[in-house]
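Worksheet: the structure to be examined is printed underneath.
The values are calculated or read from the model by the stated rules, or taken from the named source; none is laboratory data. This structure is a prediction, so every number in the text was calculated from the model and none was measured. Note that we place each Cβ from the backbone using ideal geometry, even for glycine, and neighbour counts take in every protein chain shown.
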Amino acid sequence: MKNAEEILASEFDCRPDDLRSLITRKVDKSKIIKAMETFGKMRLDEARQVAIRESVAKVTGSTNQFIRTMNESLKENDDRKQGSSTMEWIKRVIDSCNNTIHFEYAQVLVDLFKEKSNDELEKLEIQDYYNIAFNDVHFVIR
């Protein structure tokens with residue numbers, strides 16, 4: 001990444017070492033202002049990239065937590081073989097959702113359940129359960 005002196009030197013078409021002597025002889029304020037704006041934009045872009053990286057790290061971490069929760073639920077389901085039905089398992093997954101990405105994954109499970117199920121009431125119940133949980137997490141007014 002360029003520093004401020006390199007940007008200013010490129011505006012005056014000189015090397016950074018020659019910048020001080022050039023500015024003392026011939027001052028062009030518009031070029032200095034342009035170089036300052038360019039440097040400011042670079043700093044802003046760098047700050048945006050850092051914020052995006054942090055956001056991606058947060059989402060990745062919560063996605064990993066969601067996957068761990070799903071895996072734990074699958075293990076519980078295998079251990080109890082006779083335990084809860086598929087719909088109850090999907091409800092537990094939905095209950096573990098705490099952001100939009102989790103709900104997108106849960107919606108895939110709901111859609112698959114609706115494709116496989118023959119009972120219309122179960123299809124409606126699971127979709128309603130998903131919608132209520134989504135609205136609660138996202139503070140949607142019903």
Among the helices (runs of 4 or more DSSP H) confined wholly to the range 1-119, which include 2 or more residues that are modelled with pLDDT of 70 or more? 4-11, 29-79, 86-96, 100-116
Would you please list the contacts, defined by Cβ atoms under 6 Å and residues six or more apart or on different chains, that run from a residue in the range 111-128 that is among the polar types (S, T, N, Q) to a residue that is surrounded by 10 or more Cβ atoms within 10 Å (Cβ to Cβ) and part of a helix (DSSP H, G or I)? Ser117/Lys123
